[in-house]
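The values are calculated or read from the model by the stated rules, or taken from the named source; none is laboratory data. Worth saying up front: this structure is predicted, and the values here are computed from it rather than measured. Cβ placement follows ideal geometry from the backbone for every residue including glycine, while neighbour counts extend to all protein chains displayed. These area figures cover heavy atoms from the full protein model, side chains too; ligands, DNA and RNA do not enter into them. Shrake-Rupley method; radii C 1.70, N 1.55, O 1.52, S 1.80 Å.
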Amino acid sequence: MHPAASVIFFTTASGAGYGMLVLLGALAPSGLLPTDRWFGGVALALALGLVTAGLLSSTFHLHHPERAWRAFSQWRSAWLSREGVLACLTYAPAVLFAASWLYFEALSGVWGPITAGMAILTIYSTSMIYASLKTIPRWHHGLVPPVYLIIGLASGAVWLVAVAAGVGEIPGLLLYVALAGIASAAALKLLYWRSVDAAAPSSSPGTATALGHIGTVRQLEAPHTVDNWVMREMGFSIARKHIRKLRRITVVLGFAVPFVVLGGLAAGSLPELPAALLAVVSVSVGVVAERWLFFAEARHVVALYYGRVSV
Amino acid sequence: MTSLPKGTARKLGLVIDLDICVGCHACVVSCKEWNTSGYGAALSDQEPYGDEPTGSWLNRVHTYEVTPSDAPAQIVHFPRSCLHCENAPCVTVCPTGASYKRVEDGIVLVNEDWCIGCGLCAWSCPYGAREMDQRAGVMKKCTLCIDRIYNENLPEIDREPACVRACPTRARHFGDLNDPESSVSRLVQTRGGMDLMPEQGTKPVNKYLPPRAKREPLESFASQRGDSDRNAGSRSAGLLDWLDKALERLG
Amino acid sequence: MTAEHSQPYLDCSPKVSDEIRRTTCYMCACRCGINVHLRDGRVRYIEGNRDHPVNNGVLCAKGSAGIMQHYAPSRLRTPLLRIGERGEGKFEEISWDEALDKAVSWLASVRARNPRKLAFFTGRDQSQALTSWWAQQYGTPNYAAHGGFCSVNMAAAGIYTMGGSFWEFGQPDWERTRMFMIFGVAEDHDSNPIKLGLSRLKARGAKIVGVNPVRTGYNAVADEWVPITPGTDGLFILSMIHELLEAGRVDLDYLLRYTNAGWLVIQDSGAPDNGLFARDANAEPLAADRNNGGVAPAKSVRRNAALQGTFRLPDGRSARPVFELLAGKYSHPAYAPETTAETTGVPAGQTQRLAAELARVAFDEAIVLERPWTDVYGEQHTTMIGRPVSFHAMRGISAHSNGFQTCRALHLLQILLGSVECPGGFRFKPPYPKPVSAHPTPNAEFQPNQPLAGPHLGYPHGPEHLLLNDDGSPLRIDKAFSWENPLSVHGLMHMVISNAYHGDPYSIEVLFMYMANMSWNSTMNTKGVMEMLSAKHDDGSYVIPKIIYSDAYSSEMVAYADLILPDTTYLERHDCISLLDRPISEPDAAADAIRWPVVEPDRDVRGFQSVLLDLGARLGLAGMVTADGSPRYTDYADYIVNHERKPGVGPLAGFRGTDARARGRGEPNSSQLERYIDNGGFWIENIPEEAQFFKHANLAYQEWAVSMGFFDRPHPVTFALYLEPLAKFQRAAEGHGERIPPEHLRERIRETFDPLPKWYAPFEQELLSESGKLGKFPLHAITQRPAAMYHSWGTQNAWLRQIHGRNPLYVPGEVCDAVGLEDGDWAWVISHHGRIKVPVARMNALNAKTLWTWNAIGKRKGAWALTPTAPESTKGFLLNHLIHELLPPRGDGLRWSNSDPITGQGAWYDLRVRIEKAQGEASECEPRFTRQISPVGEGPEEVAYGEEWST
Ligand SMILES: Nc1nc2c(c(=O)[nH]1)N[C@H]1C(S)=C(S)[C@@H](COP(=O)(O)OP(=O)(O)OC[C@H]3O[C@@H](n4cnc5c(=O)[nH]c(N)nc54)[C@H](O)[C@@H]3O)O[C@H]1N2
Ligand SMILES: Nc1nc2c(c(=O)[nH]1)N[C@H]1C(S)=C(S)[C@@H](COP(=O)(O)OP(=O)(O)OC[C@H]3O[C@@H](n4cnc5c(=O)[nH]c(N)nc54)[C@H](O)[C@@H]3O)O[C@H]1N2
Ligand code: SF4
Ligand code: SF4
Ligand code: SF4
Ligand code: SF4
Ligand code: SF4
Ligand SMILES: [Mo]
């Protein structure tokens, strides 16, 4: 699938943003995070900023953004619609949560947990936009939603660590949450890769053309001699060696580096702010690589009509 | 709502006979020609006279080489357009309600005034039947020529899809696949109509008729009448010893 | 939450068009009827005309893309005068008066001094009745259309053998045939009719056999495929004939009635008339009565004729019946399937089986129509016996140097099976069948300012009809009707430029061409021809001094012309598809049609036919001016209605006479065109029931044909198993008669002019093996017509070029593996003449010794209003660069044309090549050419046709 920059930024940024909201909403009320306004203010602003930036960029790949509002209408059947609705609804508890924290300084209360819950649902529905597409085997996979969720949480946690480092010192629990998040994100992603790499193709040129019963089917001539939109959008594919490189980048920058750095912080053997920022940068680049690959590696069954022997 | 109708009164669709399709692209171009000034936005072409000429089409024809294990490779020409699936993922996936399936005849359409051009429906279609028009920024797809098949401004006989009307080999048939008595249903029955990618669970309405087995019956003169005249092979009996007998029988 | 369904309201009856105008398509030569829907004065939509005999309402890809042709940015807008160098494309726009004055000044001076210095040749010309008449009135011996490089072998073999060939001449009885063999056809001219026919065969479960090195298109849907090796069909067919003869499975009754099977051939080797028919004092051919051995005129002996034996002629010499010679020849083991398999690539078993199947269907599944009829010999028949096997063939067998004999062989097979003009067989379309005797013989005797005595093109009966100077040299620039190609009944357009450049046989002053892209896809040796067109003498003057050309679009040829006469598109002019020219009749009916301006030109262009008549009037050509010297016709429409070839017979056969009731014959009718328009743009007249079959010998048909004005007297046809004119040339080659071929041609004529069809290896192959080079060129390379593209002119079409914007060379899997080629690789393809660098694609459904590609996709940079980097000019290519108009040199210094020795048909498919992998990254095809400047600029960045109407 063609990796559109706007969509990659959207899923990674909003993922991290919602991840932060989840952690803030779930942990702050029970005092497991710094409760001071500085931390809360910066963290919430950053979280909502990332979310909002992501959502806005997701409209860039629409040909008619002026009609984007229509996309809220089909929550009954369409995951994109659900994602849109949930994303917007989430602002409500999030704002109330922020108000109660920053204005009333009454952290305890329902808004934190509700925000966290809504954020989780939003990430989940984002992931389901892709996971629900049967036409793209590498997306239509049980591990896609968990990976989206855990990567959102992990990257969100790393951001929070940075914020904490910025306004004071980093609470140990947060570090362990982040480390745990990164570790399980890595585990899930590796599991996902192994499973999709091993997956047996469901469709073939034979089933696509229904000619398989005669013999092996191979495209001799395409319907057009210049790639059309379908091919540009869904025929995208990258060379094995690039895949390997990008997977390494994902593992190293997305998981390994942040893990080691945060580990160092936990051991108190590193300067807090610089290390935390390094972790943020590293995890962001790594997750963008992961998301780019998520698209680039995905093959659409329509390619079977255009000469691909398997997807 | 882009939820699918519980069922549709009719299932209008195409039955395409791969046994006679010669890959001439007549259906492709007549489709473009009718529809570019028909339903919805024009089917635009980018760089039409340039380096990468490409545009929106609702019907495309591939050529496949099919190689049986025990016979020489053969060629099958293969038209591809929207199959108007009963279980159309392109409809349920659409966030705006622009994509819908008509309850009266099962035709899957895009309401272009609502379409935001997100492309998700095309992602969800296994058959590459949807193309985003690069000028109008809306999704285009086969309309089953809905502006022909019911069009009172056209003579009765012309109320059929443009591609069906144009096809010089009559490889394309249009009708109601819900009605077991319809000509298309009977074709599907007798010729063993096939679904494309059934494993995708889309339940296509359009069906494809398989190429007939290539016939090479064993045949020899020995098995034929008039064999009595067959030249023994030896010229000794005269150049053509069957000739006189044969002429005698002429009288 | 339950999801309930709702959907928007939709108006399913939007307005379609303001008006429908019915005319004739011209996106190719098939001439289908079209309904042009107009809206706001523009073309909204084009669909097939359901009532039209040619296409019954269907429309092909090209026809459906008519809109994009009609509004193509490449359309020429005004007359042009060259100001740059030839080939450069620099022009100045001039007015029609200037253009016509210039043309007249050039043409008039040539006509006054030496008319043969004008060569007037036309390409995709559907008005040959007019263009030939114009050339005849002008008085140059040098006129022909493009048939010489197209498919003259097919046409000539058919006319000489049975009075007609395929396509325009006839077609299978789609309704009744049960086994159909199609040889060497990709698209053919009758594009839609063949497709309609094939689907009818499929519907009836008739068997279709495709004989073709490539298994695409029609061969893909065929029930059986014969992967023939190019150039060997003749041998394959004669091998099937061998089988039929061995098995005694031929239609003797049919042969005795309708062919020269029983005619006696003089056996007197060394005599001037050896191998000619024995004739009586009235030149009536003789036959022997098999009951009493008596020799008498064949027409009196008829069914009693002996088919074997040796008989004594009145003059004491001996003679043998044609059939015995034929049987003797083909029952020879040399024609046994086991022997021919190696050469043809067709397994012996398949050849045997197919022959047996043909016999079974023809004889054991014979059809009987209860339709009484009377033959021209006065015999009454109560039924019509049908042999439901039929055949069709085209350039695959004709575009070879052995094509004439191969086409003859196929007709021989049809006739032996008794399947010509019978139910279920091959059927002629009026005005065919038309025997050689009903055709003119060629004319070339010219004088300053005088018309030619008769038409240029005709059917020679023997050396006496060749067009030669007293020294035996050719009278025509293309050497048509000379010893080099005696039966070149369509001329040799592919030799004109080359001959003119070499001054062989002489040089010319004005080259006048219409509708032929002769500097590109239409010519062999494209690069060489481009150089010849722009070659100069030392004094800086062009070797071909003046070139006038009429095109409608900015083609490659435009760049090489000095004066451009811009034509209209096919929707903007009058045209006439005439029975005098290339008919669109059906086996059961005579038909003709018109084109008319369904939209007005928005440019300063004029229909070429009207321009030609205007030029004729300005030149004062007889028939084009009145007594007082003023123009006889205001325009082509006026000519179509009022011109008469002979009293009562004009370009259109329908709605004649003042009451518009006369058909065929009748005085001109001033409202004729209106009547055609009201009738859908065509006219059709059914043949009476009893006259619909056996037309060649059917009394009722012959009388009907005379009443329609096709003939002035009946012209029954006796099918020529044995072709006497060829024997006459053989005798001349042996030194008999007044006219004797030059030494260097004698052997070739003796060898190839066999009066009984023979197979010989294509010349290119023969010469390469003589010089020991064949091993270097082990493969064949051919082209195919893409259904969705028409030669060069489809490329300017924004829709069609998306389907075929570039072309790979298809290479058999075995060859790929041997040479190490994979899909997308680039390779060098090398012939004795040139080398091209092209992208390749692997293919297995293909004869293992054959490479192929789509024809005419490659374009010159700057042509057709495309960007100079368009894929057609970077990744599209022509095979033409590898094909030479001459055969490989023999060291005798002579220019041997790469053509059939009998008809002069260009031998496009004789090409032999080898293929080598191209090293390094290749991005562009070779050879490359400089960009031609476009007189019309480049097309727009985007098209959204019909935007204003879309709902
Ligand atoms: N769409 C479309 N239609 C056209 C045209 C076009 O450009 N486009 N051109 C028109 C013109 S000008 C013409 S002349 C006709 C020509 O009509 P066709 O004769 O159909 O044209 P070709 O493409 O030359 O077809 C030659 C066929 O013969 C096969 N072939 C080559 N060599 C041999 C051989 O030795 N033996 C056998 N058995 N087969 C062989 C080739 O594979 C090919 O399939 O088409 C007309 N119709
Ligand atoms: N390699 C290879 N070469 C071949 C062949 C092959 O099989 N293989 N086939 C050969 C054969 S059979 C043929 S017939 C030739 C065909 O080749 P051409 O006769 O050259 O046919 P086109 O290139 O289609 O058209 C010739 C010209 O007609 C112009 N034209 C189109 N419409 C009009 C009009 O309305 N008015 C006027 N005045 N001009 C118009 C076009 O712009 C073009 O420049 O190609 C030959 N060349
Ligand atoms: S028009 Fe008919 S024959 Fe031609 S490609 Fe389409 S379906 Fe096949
Ligand atoms: S073919 Fe594709 S576009 Fe058409 S209904 Fe089925 S899924 Fe939707
Ligand atoms: S592109 Fe248009 S029709 Fe398709 S899903 Fe998006 S909004 Fe719906
Ligand atoms: S039914 Fe109409 S829209 Fe659909 S492919 Fe045929 S012509 Fe095109
Ligand atoms: S075959 Fe196609 S292009 Fe040729 S005349 Fe008929 S419709 Fe027109
Ligand atoms: Mo041709």
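All Cα-Cα distances of chain C, cut into 20 Å bins from zero to the largest, leave 14, 47, 34, 5, 0, 0 percent in each bin in turn.
Across every pair of non-identical alpha carbons in region C:1-142, the mean reciprocal distance, once inverted, gives a Kirkwood radius of 20.1 Å.
Accessible surface buried by the B/C pair amounts to about 8600 Å², both sides summed, 1.4 Å probe. For chain C, find the longest principal axis of its Cα atoms and tell me its angle to the long axis of helix C:743-752, 0 to 90°, nearest 10. Roughly 70 degrees, rounded to the nearest 10. Under conditions of 20 °C and 1.002 mPa s, region C:590-719 yields 129 µm² s⁻¹ as its translational diffusion coefficient, taking Rh as the Kirkwood radius over Cα pairs in the Stokes-Einstein equation.
Accessible area per residue was computed with a 1.4 Å probe on protein heavy atoms; A:ARG70 scores about 50 Å². Projecting label points 7 angstrom from Cα along Cα→Cβ for C:THR634 and C:HIS744 puts them 5.6 nm apart. Taking every full run of DSSP H in chain A, the ones that stretch at least 15 Å from end to end by Cα along their long axis and average 0.5 or higher on the Kyte-Doolittle scale are A:5-27, A:37-58, A:79-102, A:111-131, A:144-167, A:172-198, A:272-296. Chains A and B together bury roughly 4800 Å² of accessible surface, counting both sides and using a 1.4 Å probe on protein heavy atoms. Considering all alpha-carbon pairs of the protein assembly as shown, what whole percent are spaced by more than 69 angstrom? Of all Cα-Cα pairs in the protein assembly as shown, 17 percent lie more than 69 Å apart. Run the helix sum for the protein assembly as shown: -39,500 (n - 2.57) per DSSP H stretch of 4+ residues, divided by residue count, reported at 222 nm to the nearest 500 deg cm²/dmol. One gets -9500 deg cm²/dmol as the mean residue ellipticity at 222 nm. Debye-formula intensities of region C:642-701, expressed as log10 I(q)/I(0) at q = 0.18, 0.19 Å⁻¹, are -0.68, -0.73 (one equal scatterer per alpha-carbon, no solvent).
At an R0 of 30 angstrom, the distance between the Cβ atoms of C:ALA848 and A:SER310 translates into a FRET efficiency of 0.55. Modelled this way, with points 7 Å down the Cα-to-C-beta line, the labels at C:SER437 and A:CYS88 are 9.1 nm from one another. When the alpha carbon gyration tensor of region C:170-323 is reduced to an equivalent ellipsoid, the three semi-axes, largest first, read 41, 17, 14 Å. Give me log10 I(q)/I(0) at q = 0.21 Å⁻¹ for region C:816-951, Debye formula, one equal scatterer per alpha-carbon, no solvent. Relative scattering, expressed as log10 I(q)/I(0), comes to -1.25. Counting only Cβ charges, +1 for Lys and Arg and -1 for Asp and Glu, the dipole size of chain C around its Cα centre is about 740 debye. Legend: mean number of C-beta atoms from other chains within 10 angstrom of residue C-beta atoms, peptide B:76-86, equals 3.
Based on the Stokes-Einstein relation at 10 °C and a viscosity of 1.306 mPa s, and on the Kirkwood radius from alpha carbon pairs, region A:239-311 is assigned a translational diffusion coefficient of 114 µm²/s.
Ranked from largest, the principal axis spans of the Cα set of region A:14-143 equal 47, 34, 22 Å. Can you give the percent of C-alpha pairs in region C:597-653 whose distance is more than 19 Å? Tail of the P(r) past 19 Å holds 35 percent of the pairs. Orientation-averaged projection of region B:1-118 equals 10.6 nm² [convex hull of Cα atoms, one quarter of hull surface area]. Place +1 on the Cβ of every Lys and Arg and -1 on the Cβ of every Asp and Glu in chain C, take the dipole about the Cα centre, and give the residue among C:VAL649, C:MET384, C:PRO172 whose Cα lies farthest towards its positive end. Of the candidates, C:MET384 comes out farthest on the positive side.
For region C:179-248, the equivalent ellipsoid derived from the Cα gyration tensor has semi-axes of 23, 16, 10 Å, listed largest first. Here the accessible area of the protein assembly as shown is 54 percent carbon and sulfur, with a 1.4 angstrom probe and all protein chains present. The equivalent ellipsoid of chain B has semi-axes of 50, 20, 18 Å, largest first, where each one is the square root of 5 times an eigenvalue of the Cα gyration tensor. Counted residue by residue at 0.36 nm each, then reduced by the alpha carbon distance between them, the extension gain from A:ALA267 to A:HIS61 reaches 69.8 nm. Heavy atoms of the protein chains alone define the surface here; on that basis the protein assembly as shown has 32 Å² accessible area per residue at 1.4 Å probe size. The C:LYS536 and C:SER105 beta-carbon pair, evaluated with R₀ = 30 Å, returns a calculated FRET efficiency of approximately 0.85.
Treating r as the C-beta distance of B:ARG212 and C:ALA334 and R0 as 35 Å, the FRET efficiency rounds to 0.40. In region C:478-593, inverting the average of 1/r over every pair of distinct C-alpha atoms gives 16.4 Å as the Kirkwood radius. Here the average projected area of the convex hull drawn through the C-alpha atoms of region A:164-309 stands at 11.5 nm².
Residue separation of C:GLU924 and C:ASN282 scaled by 0.36 nm, minus their Cα-Cα distance, works out to 224.3 nm of gained length.
Give the angle, between 0 and 90 degrees and rounded to the nearest 10, that separates the Cα long axis of helix B:241-250 from the longest principal axis of the Cα atoms of chain B. With both axes taken from Cα atoms, the answer is about 80 degrees. For region C:148-209, a Kirkwood hydrodynamic radius built from all Cα pairs, placed in the Stokes-Einstein relation at 4 °C and 1.567 mPa s, yields a translational diffusion coefficient of 103 µm²/s. The alpha-carbon positions of region C:110-251 define a convex hull whose volume is 153 Å³ per residue.
Normalised Debye scattering of region C:236-334 at q = 0.13, 0.21, 0.23, 0.24 Å⁻¹ gives log10 I(q)/I(0) of -0.45, -1.03, -1.15, -1.21, counting only Cα atoms as equal scatterers and leaving out solvent.
Chains C and A together bury some 1000 Å² of accessible area, summed over both sides, with a 1.4 Å probe. Highest-first packing order for the peptide set B:126-139, C:362-375, A:181-194 is B:126-139, A:181-194, C:362-375, based on the mean count of other beta carbon atoms within 10 Å. Shape descriptor for chain A: Rg over Rh equals 1.03 (Cα atoms; Rh from the Kirkwood inverse mean 1/r). Remark: the A:GLU105-A:ARG194 segment gains 27.3 nm on full extension, using 0.36 nm per residue and subtracting the alpha carbon distance.
Packing-based ranking of C:101-108, C:5-12 yields C:101-108, C:5-12, ordered from highest to lowest mean Cβ neighbour count within 10 Å. Each Lys and Arg Cβ is given +1 and each Asp and Glu Cβ -1; about its Cα centre, chain B then shows a dipole of about 440 debye.
Taking label points 7 Å from Cα along the Cα-to-Cβ direction, C:SER473 and A:ARG240 give a separation of 7.0 nm. Rg and Dmax, both from the Cα atoms of region C:356-496 and both in Å, are 20.2, 63. Interface burial in region B:102-123, defined as at least 40 Å² less accessible area with all protein chains than with the chain alone at a 1.4 Å probe, covers B:TRP114, B:ILE116, B:CYS118, B:LEU120, B:TRP123.
Pairs of Cα atoms nearer than 8 Å and 6+ residues apart set the relative contact order; for chain C it is 17 percent.
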